[in-house]
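Novice: I am attaching a structure below and will ask some questions about it afterwards.
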Amino acid sequence: MGAKHFGELAKLRGIIQFRLSPHEQRAFAGALSQGIPNTFRRIWSEMFFVGVPLGLCYLVYDQTEKEHTRLMRKNPADFEHEK
């Protein structure tokens, strides 16, 4: 196979590959000016789909825990005959 490098082992017809040198790329172009506001926008747009069910689940859990605590308490009237 000679001097062929990995990625050039087979010749495919009709497939064109374009490559850009790593030195010509700008990997973090617009990360601060566009990325941060876009992140907040995406989080805000999903808030109702995630936040409302999460809030409802928390309310159900909180009420269930309060009711369980109330039911686990002893009733003093049940033990008056033991005095």
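Novice: Across region 43-74, which residue is farthest from the chain's Cα centre (by Cα) among those that are at pLDDT 95 or above and charged (D, E, K, R)?
Specialist: This residue is E67.
Novice: Now, a different point. Go through A3, A77 for me and flag whichever is modelled with pLDDT under 90, open to solvent by less than 100 Å² (accessible area, probe 1.4 Å) and assigned to a helix (DSSP H, G or I). Steps first, please.
Specialist: Numbers: A3 fails: assigned to a helix (DSSP H, G or I).
None of the others qualify; the one that does is A77.
The values are calculated or read from the model by the stated rules, or taken from the named source; none is laboratory data. Predicted, not measured: the structure shown is a model, and the values here were computed from it. For accessibility, only protein heavy atoms count, side chains too; no ligands or nucleic acids. Shrake-Rupley method; radii C 1.70, N 1.55, O 1.52, S 1.80 Å.
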